[in-house]
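Engineer: Following this message is one structure expressed as structure tokens.
Read-outs throughout are calculated quantities, based only on the coordinates presented, and are distinct from any laboratory measurement. Just so it is clear, the structure is predicted and the values come from calculations on it, not from any experiment. For neighbour counting, all protein chains shown are included, and Cβ atoms are generated from backbone atoms with ideal geometry for every residue, glycine included.
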Amino acid sequence: MLLENMSYVEVEAYLVEKDIVIIPIGSCEQHSPYGILGTDFITAEAIAREVGKRMDIVVAPTINYGMSQHHMGFKGTVTLSPETMVMFVKDIINSFLEHGFKRIIFINGHGGNIEPIKTAFHQIKFEGKSGLLELISWFLLPEVQEIERDIFEDKNGYHATPSEVSITKFLRPDAFRNKPSEKKKINRSQVYFPLSRDEFRQAYPDGRMESAPWLAKEKYGKLIMEEAVRVIVSRLREILKTKIL
Ligand SMILES: [Zn+2]
């Protein structure tokens, strides 16, 4: 059930039965020469929409931009500052709360978004609002990471991972017609975080972080996405049982 395809009358009817909404969130940022700029929101959106479909839950429009300051050394990356992002996420949550949604679930595809989203959650709670705010970063789910280890062993890395590239390959095969596929070296260097855009580019010259995106395959993407959906569905079943204070 996509919010963007519903009328306000349908949302009113939904709210009589349910109080949960899913908000997919990602980023528009470089994913090495092997991956596409939309990777993080495309993966989060597809997982969120599939979960919404299986559970009859409203899925809000995807937030396509995130906190990607460290990737600004690469063309095409667009970033929100953390302050903007906190305010932006807060305004979206507050809008849903005002309409009577009580369980607000972010399905996230980008690590850099975690801190601003959590900060927004804390601020809303400090303002005394009632409701359950949950952030699920699909790529951090232990069950998903286990499958990734089975398939890619120690080559999944942390950014432009073969896992996320596999999902986008599965979802948007046409986008990969002219992408490279040759193997490169995986550098495992000790670095400190956070990094400036220049430090990041020095540490990770082609944008990969210890990953081997050339291993990406559509069939792996299907498998990994299916596991993420399965795990999130069972988490949301628990969340639906939780009493809202
Ligand atoms: Zn990513």
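Engineer: Look through region 1-29, keep the residues that are touching a Ser or Thr at 6+ places or on another chain (Cβ under 9 Å) and surrounded by 24 or more Cβ atoms within 10 Å (Cβ to Cβ), and return whichever of them is nearest to K102 (Cα to Cα).
Structural biologist: Filtering region 1-29 for residues that are touching a Ser or Thr at 6+ places or on another chain (Cβ under 9 Å) and surrounded by 24 or more Cβ atoms within 10 Å (Cβ to Cβ), the one nearest to K102 (Cα to Cα) comes out as I23.
Engineer: Follow-up. Against the condition more than 10 Å from the ligand (Cβ to nearest atom), under 24 Å from T168 (Cβ atoms) and either among the aliphatic types (A, V, I, L, M) or in contact (Cβ under 8 Å) with a residue 60 or more places away in the chain (or both), how does L15 come out, does it pass?
Structural biologist: So L15 fails the test.
Engineer: Output the number of the condition that G221 fails; it satisfies all remaining conditions of (1) in a helix (DSSP H, G or I); (2) away from the ligand (no atom under 16 Å from the Cβ).
Structural biologist: Unmet condition: (2).
Engineer: Which residue out of I167, I186, I239 is more than 16 Å from the chain's Cα centre (by Cα), among the β-branched types (V, I, T) and part of a helix (DSSP H, G or I)?
Structural biologist: Going through I167, I186, I239 in turn, just one is more than 16 Å from the chain's Cα centre (by Cα), among the β-branched types (V, I, T) and part of a helix (DSSP H, G or I): I239.
Engineer: Let me confirm something: among P33, P24, which residue is closer than 25 Å to V144 by Cβ and not in a loop (DSSP other than H, G, I, E, B)?
Structural biologist: P24
Engineer: Which ones in region 88-124 are within 16 Å of the ligand (Cβ to nearest atom), assigned to a helix (DSSP H, G or I) and either of a type in the set (S, T, N, Q) or within 18 Å of L245 (Cβ to Cβ) (or both)?
Structural biologist: N113
Engineer: Do you know which residues across region 126-162 are within 12 Å of the ligand (Cβ to nearest atom), buried (at least 18 other Cβ atoms within 10 Å of the Cβ) and not in a helix (DSSP H, G or I)?
Structural biologist: Passing the criteria: S137, N156, G157, H159, A160, T161.
Engineer: Could I ask something else about it? Report, by residue number, each residue of region 163-179 that is surrounded by 20 or more Cβ atoms within 10 Å (Cβ to Cβ) and away from the ligand (no atom under 14 Å from the Cβ).
Structural biologist: Across region 163-179, the qualifying residue is only F170.
Engineer: A follow-up question, please. Determine, yes or no, whether K179 is over 22 Å from the mean Cα position of the chain (by Cα), in contact (Cβ under 8 Å) with a residue 12 or more places away in the chain and not in a helix (DSSP H, G or I).
Structural biologist: Yes: the conditions hold for K179.
Engineer: Do you know which residues across region 39-69 are within 12 Å of the ligand (Cβ to nearest atom) and either surrounded by fewer than 19 Cβ atoms within 10 Å (Cβ to Cβ) or of a type outside the set (F, W, Y) (or both)?
Structural biologist: T39, D40, I42, T43, A44, G66, S68
Engineer: Moving on to the next point. Criterion first (farther than 29 Å from L240 by Cα and of a type outside the set (S, T, Y)) does K179 satisfy it?
Structural biologist: Yes; evaluated as a whole, the condition is true for this residue.
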